[in-house]
Each structure stands twice: as C-alpha cells, then as structure tokens.
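Working notes for the structure below.
FYI, it's all coordinate maths here, none of it is from the lab. Because the structure is predicted, anything quoted here is derived from the model rather than measured. Ideal geometry is used to build each Cβ from the backbone, glycine not excepted, and the neighbour counts take in all protein chains shown.
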Amino acid sequence: MRIGERIKQRREELGLSVEDLAKRLGKHRATVYRYENGDIENMPADVLIPIAQALGTTPAELMGWEEDEKKQPPTDGELSQAQRDLIDLVPRLPEDVCAAMLIALRQQFHPGGQDSDE
C-alpha cells in the first residue's frame, strides 16, 4: 500500500472528509486529493508530520514502516561506535527533529514510502 492510500484509509477510519483534513492542515482540498492519489509521492518531513498529527498517527505508520518497528534491534555488542554515538545523541534532540531525521533515514531504505513487497 502506498502512502496516499494510507492517508486516505486513516482519514476514512476517522470519519473525516477531504475538506475536514484540508482544514486541519490549512491546505486546499485539491492538495489533499493529490496526496491521496499519489501525485505527491516523496513527501518531505515538513508535510508528512502535520498530516500524521492531523490523522492522530505517526509518520512511520503513514509511510508503512510499522512492520520495521517490530523487528528486534541489534544488541549493544552488535552496534558500531557511530551507531552508539547516534543513540546517545537522540534523547537530546527535539521530537520534531527526531521525526524528520527518522523520515529521511527511512527513505533511504524505502524510497517513495512503499512497502518492500510492492
């Protein structure tokens, strides 16, 4: 399932119209239709985060990465020094910066927000 389909599915689960979501985002309803139809595929974090917030979900869920979250992380002994350094820095970052970084990193593995089985 693509990101636009997930946005539409979540909007409908919440019983929101396209107009309702557009108002929450401060966008025109045509823009929301473009998101849902996949006309805008590579959404930057500054677009994706407000959509996720308006839909009461996470950017990762909209991108289809929830399955990745269920995988067991490597143990400390399996991490490189750079990975351990990143882990040490994360608690000091603001939540919006963490979310934007996560989106950017995940796009390296899932370009276009597609599941790996599509």
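Would you list I87, I3 from fewest to most Cβ contacts within 10 Å? Mind showing how you got there, number by number?
Working: I87 12, I3 24.
Going from sparsest to densest Cβ surroundings: I87, I3.
Can you tell me what the convex hull of the Cα atoms of the stretch 1-60 projects to on average, as an area in nm²?
For the Cα atoms of the stretch 1-60, the hull's average projected area reads 3.5 nm².
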